[in-house]
Amino acid sequence: MKILYHHRIRSKDGQYVHIEELTQALRELGHEVVIIGPTAVEREAFGAEAGIVAWLKRELPGFVYEPLEFAYAFADYLRLVRAIKRHRPDCLYERYNLYLPSGVWLSRCFNLPMLLEVNAPLYEERKRYGGLSLDRLALWTERTAWQGADFVLAVTQVLAERIRRAGVDLSRIVVMPNGINLDRFGRIPNIEQAKRAFGLSGRLVLGFVGFMREWHGIEHVVDLLADSRDPHRHLLLVGDGPAREGIVRRALARGVADRVTVTGVVGRERVAEYIAAFDVALQPRVVEYASPLKLFEYLALGRAIVAPSTPNLREVLIHGENALLFDPDNPRGFLDAIERLCHDATLRSHLAAGASATIARRGFTWRHNAERVVELFHRLGVDGGKGASGG
């Protein structure tokens, strides 16, 4: 099967990980994948922003930037047509983005079976947090993409329900959570070796991976360290983000700077080495429809996870079995759960064992996702030999 993979990702971050892992898994299954998207991202270091695009989005008013976003779809459509004529793919897989109806246009014009992967309701997200100047156009592009694909792949059931309410028939919505690449986790040191590598021997390590935002509330974990009588607790933050500076200042002010490590951006090939040093893996507040990549990495490495009891996370986590869940509406819930795990080594071991078993039992791997993608294309009649027609 020859698959045209279409995206508009310009930042080399978690989104890029998803693209790279899924396309690699499809290739390992024996399928040819042709990727059509911004090529500049390939040259960026992991964690890099979108260069000139990020600058334009930051500096231009929405009524100027958003028409440029939509205009991109027309140039993108022409590029997709050229790819069709050159590669003659059997089907189209697209990672959804706002103001990007070009994939649906192509699918309709060339009678190309299409799967649309949706990771967030971007119209809702941007309207809520960034504001939209072309509100009706933005909504139209989202509905056009969602309703035009043959199958829509949502990363959580919570997100799937939003897509259903937008007018997509439930029979065309498939829930497909994120996953992990088992090969990346097969040669990881044990916890004592991992701690020793980072100078943390003898410490009880509370760890977090990802982009640190103020609403995560990680600075309160610093307070937990400062208020504790146990000097062996250590907070290891793997990543960067706007909350980093405040966390570091808080640690200095509370006199625990030597018990807080912030690594900055770490190459994704090394992230698992850091997670291996965690005694307790932290999943603070989370967007209500998200499927956090870090969560599957914590599970794969068998960490004792603390996470909010939200509907999207309960699709993956079971309280007392593979995580300790807390009430996100309780201001002390996050810290009380951490405190409980710090004092209960038996519970940490129990949750770690449950976490390790979850990936295999539930099939949370990129390979399994790739197999499901192939099966969906087969259901649409793709046999791998016809190529695109029409136009």
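The values are calculated or read from the model by the stated rules, or taken from the named source; none is laboratory data. Note that the coordinates shown come from a computational prediction; the quantities given were computed from them, not determined experimentally. Neighbour counts run over all protein chains shown; Cβ positions are idealised from the backbone, glycine included.
Identify the residue in segment 140-199 that is surrounded by fewer than 16 Cβ atoms within 10 Å (Cβ to Cβ) and among the hydroxyl-bearing types (Ser, Thr, Tyr) and, among all such residues, is farthest from Leu317 (Cα to Cα).
Checking each candidate, the answer is Thr144.
For segment 160-208, give me each residue that is modelled with pLDDT of 95 or more, among the aliphatic types (A, V, I, L, M) and in a strand (DSSP E or B).
Selection gives Ile173, Val174, Val175, Leu204, Val205, Leu206.
Listed residues Val64, Val81; which is at pLDDT 95 or above and among the β-branched types (Val, Ile, Thr)?
Val81 is the lone residue from the list that is at pLDDT 95 or above and among the β-branched types (Val, Ile, Thr).
Which condition from (1) touching a residue at least 60 places away in the same chain (Cβ under 8 Å); (2) touching a Gly at 6+ places or on another chain (Cβ under 6 Å) is the one that Leu301 breaks?
(2)
Does segment 264-281 hold any residues that are in contact with a Lys or Arg (Cβ under 9 Å, 6 or more places away or on another chain) and either in a loop (DSSP other than H, G, I, E, B) or touching a residue at least 60 places away in the same chain (Cβ under 8 Å) (or both), and which are they?
Answer for segment 264-281, where residues must be in contact with a Lys or Arg (Cβ under 9 Å, 6 or more places away or on another chain) and either in a loop (DSSP other than H, G, I, E, B) or touching a residue at least 60 places away in the same chain (Cβ under 8 Å) (or both): Arg268, Glu269, Val271, Ala272, Ile275, Ala276, Ala277, Phe278, Asp279, Val280, Ala281.
Tell me which residues, restricted to segment 132-149, are within 16 Å of Leu170 (Cα to Cα) and of a type outside the set (Phe, Trp, Tyr).
Arg143, Ala145, Gln147, Gly148, Ala149 - these are the residues of segment 132-149 that are within 16 Å of Leu170 (Cα to Cα) and of a type outside the set (Phe, Trp, Tyr).
Would you check if Leu299 is under 23 Å from the mean Cα position of the chain (by Cα) and either of a type in the set (S, T, N, Q) or crowded, with 18+ Cβ neighbours inside 10 Å (or both)?
yes
Could you grab me the full set of residues in segment 1-31 that are part of a helix (DSSP H, G or I) and either in contact with a helix residue (DSSP H, G or I) (Cβ under 8 Å, 6 or more places away or on another chain) or under 17 Å from Gly210 (Cβ atoms) (or both)?
Gly14, Gln15, Tyr16, Val17, His18, Glu21, Leu22, Gln24, Ala25, Leu26, Glu28
Between a first residue in segment 334-346 that is within 9 Å of Leu324 (Cβ to Cβ) and a second residue that is modelled with pLDDT of 95 or more and part of a helix (DSSP H, G or I), which pairs have beta carbons less than 6 Å apart while being 6 or more apart in sequence or on different chains?
Taking only residues 6 or more apart or on different chains, the pairs are Leu341/Arg348.
Which residue is surrounded by the most Cβ atoms within 10 Å (Cβ to Cβ), if the candidates are limited to segment 209-235 and must be part of a helix (DSSP H, G or I) and aliphatic (A, V, I, L, M)?
Out of the qualifying residues, it is Val221.
Tell me which residues, restricted to segment 312-332, are over 17 Å from the mean Cα position of the chain (by Cα) and either among the polar types (S, T, N, Q) or closer than 18 Å to Gln157 by Cα (or both).
Matches in segment 312-332: Ile318, Asn322, Asn330.
Considering only residues that are more than 18 Å from Ala352 (Cα to Cα) and in contact with a Pro (Cβ under 9 Å, 6 or more places away or on another chain), which ones fall in segment 285-308?
Arg285, Val286, Glu288, Tyr289, Ser291
Are any residues in segment 88-133 in a helix (DSSP H, G or I) and of a type in the set (Lys, Arg), and if so, which ones?
Matches in segment 88-133: Arg108, Arg126, Lys127, Arg128.
Name, by its number, the condition in (1) modelled with pLDDT of 95 or more; (2) in contact with an Asp or Glu (Cβ under 9 Å, 6 or more places away or on another chain); (3) acidic (Asp, Glu) that does not hold for Asp383.
Only one criterion is unmet by Asp383, namely (1).
Given the conditions (1) of a type in the set (Gly, Ala, Ser); (2) assigned to a helix (DSSP H, G or I); (3) modelled with pLDDT under 90, and given that Ala138 satisfies all but one, which numbered condition is not satisfied?
Result: Ala138 passes all but (3).
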